[in-house]
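A quick write-up on the structure given underneath.
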Amino acid sequence: MKLVEILSSLDFYQMEEHVDDSLEISTIEMDSRKVKEGALFVCIKGQTVDGHDFAGQAAENGARAILAERQIDTPLPLIIVRDTSRALAIISTKFYGNPTANLPLIGITGTNGKTTVSYLLEAIFNQHDKKTGVIGTIQMKVGDQTYPVQNTTPHALFLQKTFHEMRQQDVDQAIMEVSSHALDQGRVYGCDYDIAVFTNLSQDHLDYHKDMDDYLRAKSMLFAQLGNNYDFHKKKFAVLNADDDSCALLTKSTAQHVLTYAIKKDADIRAQDIALHASGTSFKLTTPVGETEINSKLIGLFNVYNMLAATGAAIAAKVPLSVIKVALENIAGVNGRFQPVDCGQNFAVIVDYAHTPDSLENVLQTIKEFAKKDIFVVVGCGGDRDRTKRPLMAQIAVKYGDHVLFTSDNPRTEDPQAILNDMVAGVKDSGASYDVIVNRKDAITEAVHRAKQDDIILIAGKGHETYQQIGLEKHHFDDREVAAAAIESKENE
C-alpha cells in the first residue's frame, strides 16, 4: 500500500518534506528488529523501552518512513503525530482492510472465566460447523493451528494483522479475550465487536488500576465501544452477568441489545435445578429460545456461570439451542482450568489458574463440595503485581484448606520471600496452620508426599503456564509435570 494512502486515514500530522506519492510500504512494524525492506516503522513509547531510540536501527534494516511523536534524527521521511499508539491502531486497520468489519467478532472481558468462555464458544461454533479463530491467554488458534501469544490481548498492529489473516483463511467467527489493560491502553481500537461478554468483577490488577472503580471503568469500555448506532442487519449484543453487582453500570454503558444471565437473579438466561458432583454438573438451562437439560463434564458453580455466558453469546449469534447443548456436554475441560493430574494415585491432584481471591475461593468451594478427606492448598502470588490481594489469597487458602503450603508463583523482579511475607501477614495472627516453602517444586512435592487416600491437592495460580518467571528470565516449569513426577517418586518409594 502506498504511504499516502496509509496516511489518508490520519486527519492531522506533520511532515517535514514532501514524499513521493508512489512510495510503497510493504509492512508496518513497531519492533525495529522485525523491520525489513519497505517497512513503515512506528515509534511506540512503552513502559521500559522507547521506540524513538531505535529509529536508526529501523532505517538500517530497510524502513522507508518513520512515524513518531517528536523530532528525531533520521534520513527517512518523518511523520509526526501526537499519539503514535492511537495512530498505529488507525493505520493498521487501514493497511489490513478493516478486517473485523466483515469478520464476526466476540470479545470477552471480566476478572475470571474469560479463557473458559472463549473455549466453550469455540466448541459451540465448531459444533455449528463454523471455522473459528481464538485469541486468548493460553494461545491463539486459527482453525486447528495454534500459535503462542505474549499478552492476554495483543497490541493493535498484531490484532489487525491477525484478523486479516483469519479472513484470508476463511474464519467464520473470531473470539477473543479482552483485558482491562488492553482496553485502557487502546490496544483494541479498530476492533469492530459484534458481541461483548462480561463474566464477573473481583479484585485484581490493582497494581495498574488505582481502585476497583477504575478497574470497572476500563472493563466498561468494551461495551461502550459496541457503538451508539443500530444496524438492524447486523445487531450487536452485550451479554452480562446479572448476579454481578457491576451489571447495572455495564447495562448503562452500552446502547446495544442486552442479554443477561444468572443463577440467583431473574435474567434472560438461567441455570436452575443445579446438581454439582465430583465428575461434572447438571442443570436446566432456560433461555429466550427454549429450555434444555445440560449434563456437563465441567465441575463447579463457576463453570455453570461460564456455560451461561457462552450460551448468551451463542444465542446472540443465532446458534440453535440444540447445537449449544451438544457442545456444552461434549467439552471435557480447558487446559490448566480445574485440570486433574491422574497418575493412578489414590488421592486427587487438581491444577488451576486461580490467581485472584475470588477465583481461588470459587475453586476451593467447589472442592469442598465433594472432598471426602483433607484438602491441601499449594498457592503463591505473582511478583510485580497487585500486593493488596496477597493477604486475601492467604486468608482464603487457610479458610478452606486443611493443609496449606504458601510458595512462589512467578516472583518476577520481587524477592520471593517478601511476597510470601505479604501473604503470611494476612493469617499470622489467626491461629491457622500453614507452611512456607519458597521453592515451588519443593512445595508441590511436599504436598504430594503428605497426601493420603481420598485427600485432594489444589495447586493454584499458574494453571496452563509452562514457565516460572524469576527475575527477567522464564524457566521451564509446569505444575502438572512437577506433580506427576512427585506422584511417581512417591509410588516408587
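Return the lysines within reach of K265: Cα separation strictly under 16 angstrom, same-chain partners fewer than 8 residues apart disregarded; answer none if there are no such residues.
Hits, sequence-local ones excluded: K284.
Which value, in debye to the nearest 20, describes the size of the charge dipole of region 99-330 about its Cα centre when Lys and Arg Cβ atoms bear +1, Asp and Glu Cβ atoms bear -1, and nothing else is charged?
Dipole magnitude for region 99-330 comes out near 300 debye.
How high is the relative contact order of region 198-297, given as a whole-number percent (alpha carbon pairs under 8 Å, six or more residues apart)?
Dividing the mean separation by the residue count of region 198-297 yields 18 percent.
In square nanometres, what is the average projected area of the Cα convex hull of region 346-465?
6.7 nm²
R0 = 56 Å: FRET efficiency of T146 with Q14, Cβ-based, nearest 0.05?
0.85
Grab the DSSP H runs of the chain that are 4 residues or longer, score each as -39,500 (n - 2.57), total them, divide by all residues and round the 222 nm result to the nearest 500 deg cm²/dmol.
Taken over the chain, the calculation gives -10000 deg cm²/dmol.
So for each of 58-71, 310-323 I average, over its residues, the number of other beta carbons within 10 Å; can you give me the resulting order with the highest mean first?
With the highest mean Cβ count within 10 Å placed first, the list reads 310-323, 58-71.
Determine the shape class of region 99-330: with a ≥ b ≥ c the square roots of the Cα gyration tensor eigenvalues, call it rounded for a/c under 1.5, and otherwise prolate if a/b is greater than b/c, oblate otherwise.
rounded
Step through the residues of region 313-322 one at a time and calculate ³J(HN,Hα) from phi using the Karplus curve (6.51 cos²θ - 1.76 cosθ + 1.60, θ = phi - 60°), rounding each to whole Hz and writing x for Gly and Pro.
5, 5, 4, 4, 8, 6, 7, x, 4, 4
Hey, could you grab the Kirkwood Rh for region 454-493? Inverse mean 1/r over distinct alpha carbon pairs, Å, one decimal.
Result for region 454-493, one decimal place: 11.6 Å.
Whole angstrom only: what separates the Cα centroid of region 324-353 from the Cα centroid of region 20-46?
Answer, in whole Å: 44.
Note down the relative contact order for the chain as a percent, whole number, built from C-alpha pairs under 8 angstrom at least six residues apart.
Relative contact order here is 10 percent.
How much length, in nm to one decimal, is gained on full extension between Q169 and K297, taken as 0.36 nm per residue of separation minus their Cα-Cα distance?
Length gained between Q169 and K297: 42.9 nm.
Cα-Cα pairs above 20 Å in region 3-95: how many percent?
The share of Cα pairs beyond 20 Å in region 3-95 comes to 24 percent.
Since every read-out is calculated from the coordinates, none of them should be taken as a lab result. Just so we're clear, the structure is a prediction, and the values are computed from it rather than from any experiment. Heads up, the Cβs are rebuilt from the backbone with ideal geometry, glycines too, and the neighbour counts pull from every protein chain shown.
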